[in-house]
1. Would you work out the charge dipole size for the range 125-190 about its Cα centre, treating the Cβ of every Lys and Arg as +1 and the Cβ of every Asp and Glu as -1, and quote it to the nearest 20 debye?
2. As I understand it, the dipole of the chain uses +1 on the Cβ of Lys and Arg and -1 on the Cβ of Asp and Glu, about the Cα centre. Which of 219, 103, 186 lies farthest toward its positive end?
3. With every protein chain present, what accessible area does residue 193 have (1.4 Å probe, heavy atoms only), rounded to the nearest 10 Å²?
4. Can you give the helix-only mean residue ellipticity at 222 nm for the chain, where every DSSP H stretch with n ≥ 4 adds -39500 (n - 2.57) and the sum goes over all residues, rounded to the nearest 500 deg cm²/dmol?
5. Through the Karplus equation 6.51 cos²θ - 1.76 cosθ + 1.60, θ set to phi - 60°, convert the phi angles of the range 56-70 into ³J(HN,Hα) values in whole Hz; use x for Gly and Pro.
6. Relative contact order of the chain: what whole-number percent is it, with Cα pairs under 8 angstrom and at least 6 residues apart?
7. Residue 170: net charge of surrounding residues, Cβ under 11 Å, Lys/Arg +1, Asp/Glu -1, itself excluded?
8. Could you check the simple spin-label distance between residue 173 and residue 201, using points 7 Å along Cα→Cβ, in nm with one decimal?
Amino acid sequence: MVNFDPRTKVVFFTLAFVLAFLSTEIIELILLSSVVLVLSIFSVERDKIFGRLKIMAPVFIVAFILWTFLNQYSIFHAYDGGVNIMTGAFMTLRLFLIVVLSLAFVSFVTPVELVNALSSFKLPYKLVFTLGLSLRHISTISDEYIAIKEGQSSRGLELDKGFLIKRIKNYISVVMPLLIRSIENAEKLVLAMELKSFSLNNRRRYSVGKLNNLDYVVIFSMVMVLLIFVVKNFLR
């Protein structure tokens, strides 16, 4: 998946998200989850993906319990109520698929590839540029957060010990420097754009290559699967 064109990746994951919500049978969710898990295994960041899935395990357990015993209170679907293990398994598996898709998307599609793909889809330049700038700023904030947290820990500050209130107070010493650094980075970025006389009216071209045969096969396959799901749901 890494060697595919950015447009193929965006189309694949977008349609996969749509299929996750269109699925009405548990076997469909199992098949989709299996495909995404296999792709995640070959990802460079597979350790991060499965590590975060492990962290999310309690959420899946709680979701299974709630959907099994309290499904009559759902605002999304009308159920008869009572204990329904299949409903709990189905909704938990759908949640699992959405989480895995999100983690795989972040792993396979870099911010630069996402911006290039959206630009090639002829989306408004202001929207694409704003999204790219936001993603870059998020990445910068993440790096700053890690650096500040490690710096405070090296000074002997125990951030993750004590009760909830104490932990919140401890993290103030991380949040405040992070907020200041974020404002400083934003000011530097604005100053650099002004010095270069940047304007959104001067459209910039993002580099995108040509789709190869394998890209067309993946896109065509996903579109066909989507059409099958739509027709199946329409005929029900």
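1. Working: 10 positive and 7 negative charges, 36 e Å.
The calculated dipole for the range 125-190 is roughly 180 debye.
2. 186
3. Number for this one is 50 Å².
4. Details: 9 runs with 175 residues, N = 236.
Value at 222 nm, helices only: -25500 deg cm²/dmol.
5. Once θ is set to phi - 60°, the couplings for the range 56-70 become 7, 3, x, 5, 5, 5, 4, 4, 4, 5, 5, 6, 6, 9, 10 Hz.
6. Working: 173 pairs, mean separation 66.6, N = 236.
Computed value for the chain: 28 percent relative contact order.
7. Numbers: positive: 149, 161, 166, 167, 169; negative: 158, 160.
Every neighbour counted, the sum reads +3.
8. About 5.1 nm, to one decimal.
The values are calculated or read from the model by the stated rules, or taken from the named source; none is laboratory data. If you're wondering where the values come from, they're calculated on a predicted model, not measured in any experiment. We place every Cβ from the backbone using ideal geometry, glycine too, and count neighbours over all the protein chains shown. The accessibility values were calculated without ligands, DNA or RNA, using every heavy atom of the protein model including side chains. Shrake-Rupley method; radii C 1.70, N 1.55, O 1.52, S 1.80 Å.
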